[in-house]
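Read the structure below first, then the notes.
What follows is calculated from the coordinates using simple rules that are stated; it is not laboratory data. All figures in this text were calculated on a predicted structure; none of them were measured in a lab. So basically every Cβ, Gly included, is an ideal-geometry build from the backbone, and we count neighbours across all protein chains shown.
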Amino acid sequence: MQASDKDLTQVTALFEQLGAHPDQASVLAKQLLKRAEQLSIERKISLVESTDSLLRQVIRARQGLPPEVES
């Protein structure tokens, strides 16, 4: 499964809310969604799960928190 334009728009908006310049937010969103697609294949999980995991990591990092330990 591939990320949609709607997904890209939503993730871009999230990065903008986190303080990224609109151009940079778009680049970051594309990179995150591409990595989410790769992870979904590698881990045999849904695109939603892999995207959620990466977004949680971004938000934790933005808050200065360490990464969660995956079990």
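Per-structure values
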{"item": "Inter-residue pairs, beta-carbon under 7 Å, first farther than 13 Å from residue 16 by Cα and in segment 55-66, second surrounded by fewer than 10 Cβ atoms within 10 Å (Cβ to Cβ), 6+ apart", "result": "57/67; 60/67"}
{"item": "Residue count, segment 27-50 (criterion: surrounded by fewer than 18 Cβ atoms within 10 Å (Cβ to Cβ) and among the polar types (S, T, N, Q))", "result": "3"}
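Yes/no matrix, rows are residues, columns are (1) assigned to a loop (DSSP other than H, G, I, E, B); (2) out of contact with any helix residue (DSSP H, G or I) (no Cβ under 7 Å at 6 or more places or on another chain):
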{"site": "11", "(1), (2)": "no, no"}
{"site": "16", "(1), (2)": "no, no"}
{"site": "28", "(1), (2)": "no, no"}
{"site": "39", "(1), (2)": "no, no"}
{"site": "42", "(1), (2)": "no, yes"}
{"site": "54", "(1), (2)": "no, no"}
{"site": "59", "(1), (2)": "no, yes"}
{"site": "66", "(1), (2)": "yes, yes"}
{"site": "69", "(1), (2)": "yes, yes"}
